[in-house]
Amino acid sequence: MKVDLKLYRGYVSDAELIVYGHVFKSWAPDKYRIDRRGLKHAYSILHMFLISPMRNAKITLEFKDISVTTRTLDDGYFRFTIPYNYPLESGWHPYTVSCDTGRFGVVERGELLKPFKSKFGIISDIDDTFLISHSHNIFKKLYVLLSKNINKRKIFKDVVEHYQALSRFGQEGELAFNSFFYVSSSEWNLYAFIDEFARIHELPKAVIKLKKIKSGITDFLFTGGGSHDHKFEKIKDIISFYPTLTYVLLGDDSQKDPFLYERICKIFPKNIKVIYIRQTGSKQKDKVVKTLANIEQMGVTIYYYKHSHDAIAHSKQIGII
């Protein structure tokens, strides 16, 4: 029997540690190459969704002097949420997760983040916020996903400069950084693609949170669609986990970001410093303008922009880069 294990970047505070991943009775989605051309690339993408999650698999987390065992959920997903109050330096730390099938074991190493002290954290959407995806048009989005490999996908001009500046601001040490979180309606199937895209373009290394994994061609056809409430829940989890931080939120107007961010501001009236919304069409959307005006009335700085160089100028003006 084939068993594969995929880990994602976790995170830890002074009181709690969170690590998560998936177990599969097939190849994990990240085992398919994302740099192939033509039909071979389309084949890889489609096979990222033709996976078989393993329910109730026994898995064990090893971190420092901690060893904890749990089992996967029905979709192969697991999450360790455990108390952790031991001294730990800020930065990235390795951890190990093993899966015991009874006949053989699989072991993988991941990493988790202990944030540096900073004035703010950054939570960013992915599709059409920094990765050009055409989310407003499902047919064009699928065409781009299937026809353009990792080296052909495009990023918005100057977005890397903006994100790197946000990551460095207020940090004196060369290795220190403000914590980044990427939250998207793309499914966990595309984690490796997103992570590699961010690495290639030198975007800040981040904790990535995606949508429930899919396991079929029908699911693939609706990738990134449906309800976006999971993004609201994941952003709420991050802010609740690090409640003393204020946050910069970045999104776009192609789907639901402005309205999700409005809900976040209502629940966390002291935690949101500024919201950036990228304009993806030829003009600003009236409903988005109205929603952002309401957010501004709650004391949050907002900026609705077309080009990242304008967002950079705004960030300099308000003193966050």
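Restricted to region 26-41, and to residues that are exposed (fewer than 15 other Cβ atoms within 10 Å of the Cβ) and under 23 Å from the mean Cα position of the chain (by Cα), which residue is modelled with the highest pLDDT?
Filtering region 26-41 for residues that are exposed (fewer than 15 other Cβ atoms within 10 Å of the Cβ) and under 23 Å from the mean Cα position of the chain (by Cα), the one modelled with the highest pLDDT comes out as Asp35.
Quick grid of which residues meet (1) assigned to a loop (DSSP other than H, G, I, E, B); (2) over 19 Å from Ala42 (Cα atoms); (3) at pLDDT 95 or above:
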residue: Ile123; (1), (2), (3): no, yes, yes
residue: Lys141; (1), (2), (3): no, no, no
residue: Lys152; (1), (2), (3): yes, no, yes
residue: Ala165; (1), (2), (3): no, yes, yes
residue: Gln171; (1), (2), (3): yes, yes, yes
residue: Ser186; (1), (2), (3): no, no, no
residue: Phe193; (1), (2), (3): no, no, yes
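Being under 24 Å from the mean Cα position of the chain (by Cα) and at positive phi narrows it down to one residue among Gly91, Gly121, Gly110; which is it?
Gly91
Here is a yes/no grid of residues against (1) at pLDDT 95 or above; (2) of a type in the set (A, V, I, L, M); (3) within 30 Å of Val23 (Cα to Cα):
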{"position": "Glu202", "(1), (2), (3)": "yes, no, yes"}
{"position": "Tyr242", "(1), (2), (3)": "yes, no, yes"}
{"position": "Leu249", "(1), (2), (3)": "yes, yes, no"}
{"position": "Asp252", "(1), (2), (3)": "yes, no, no"}
{"position": "Leu260", "(1), (2), (3)": "yes, yes, no"}
{"position": "Arg263", "(1), (2), (3)": "yes, no, no"}
{"position": "Ile275", "(1), (2), (3)": "yes, yes, no"}
{"position": "Lys285", "(1), (2), (3)": "yes, no, no"}
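On the given criteria, is Lys114 touching a Ser or Thr at 6+ places or on another chain (Cβ under 8 Å) and either surrounded by fewer than 17 Cβ atoms within 10 Å (Cβ to Cβ) or more than 25 Å from Ser26 (Cβ to Cβ) (or both)?
yes
With the requirement that a residue be open to solvent by less than 70 Å² (accessible area, probe 1.4 Å) and in a loop (DSSP other than H, G, I, E, B), what does region 299-321 give you?
Selection gives Gly299, Val300, Gly319, Ile320, Ile321.
For His136, work out the one condition from (1) open to solvent by 10 Å² or more (accessible area, probe 1.4 Å); (2) within 13 Å of the chain's Cα centre (by Cα) it doesn't fulfil.
(2)
Okay, residues lined up against (1) farther than 20 Å from Ser135 by Cα; (2) open to solvent by less than 20 Å² (accessible area, probe 1.4 Å):
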residue	(1), (2)
Asp252	no, yes
Asp257	no, yes
Ile267	yes, no
Lys273	yes, no
Lys283	no, no
Glu296	yes, no
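For region 118-133, give me each residue that is open to solvent by 40 Å² or more (accessible area, probe 1.4 Å) and touching a residue at least 40 places away in the same chain (Cβ under 8 Å).
Lys119
Identify all residues within region 75-121 that are assigned to a loop (DSSP other than H, G, I, E, B) and closer than 30 Å to Ser315 by Cα; write none if there are none.
Within region 75-121, Glu89, Ser90, Pro115, Phe116, Lys117, Ser118, Lys119 qualify.
Mind listing whichever residues of region 261-291 are within 17 Å of Tyr303 (Cβ to Cβ) and among the aliphatic types (A, V, I, L, M)?
Result: Ile264, Ile272, Val274, Ile275, Ile277, Val288, Val289.
Within region 146-182, how many residues are polar (S, T, N, Q) and either more than 17 Å from the chain's Cα centre (by Cα) or open to solvent by 40 Å² or more (accessible area, probe 1.4 Å) (or both)?
So the answer is 5.
Residues that are surrounded by fewer than 20 Cβ atoms within 10 Å (Cβ to Cβ), within 27 Å of Tyr242 (Cβ to Cβ) and in contact (Cβ under 8 Å) with a residue 40 or more places away in the chain: does region 94-108 have at least one?
Yes, because at least one residue in region 94-108 is surrounded by fewer than 20 Cβ atoms within 10 Å (Cβ to Cβ), within 27 Å of Tyr242 (Cβ to Cβ) and in contact (Cβ under 8 Å) with a residue 40 or more places away in the chain.
Sort through Ser240, Ser215, Ser254 and tell me the only one that's free of Cβ contacts under 8 Å to residues at least 24 places away in the same chain and of a type in the set (S, T, N, Q).
Of Ser240, Ser215, Ser254, the one residue that is free of Cβ contacts under 8 Å to residues at least 24 places away in the same chain and of a type in the set (S, T, N, Q) is Ser240.
The values are calculated or read from the model by the stated rules, or taken from the named source; none is laboratory data. Bear in mind the structure is a predicted one, so any value in this text is a computation, not a measurement. Please note: Cβ atoms are built from the backbone with ideal geometry, for glycine as well, and neighbour counts cover all protein chains shown. These accessible areas exclude ligands, DNA and RNA; they are computed on the full protein's heavy atoms, side chains included. Shrake-Rupley method; radii C 1.70, N 1.55, O 1.52, S 1.80 Å.
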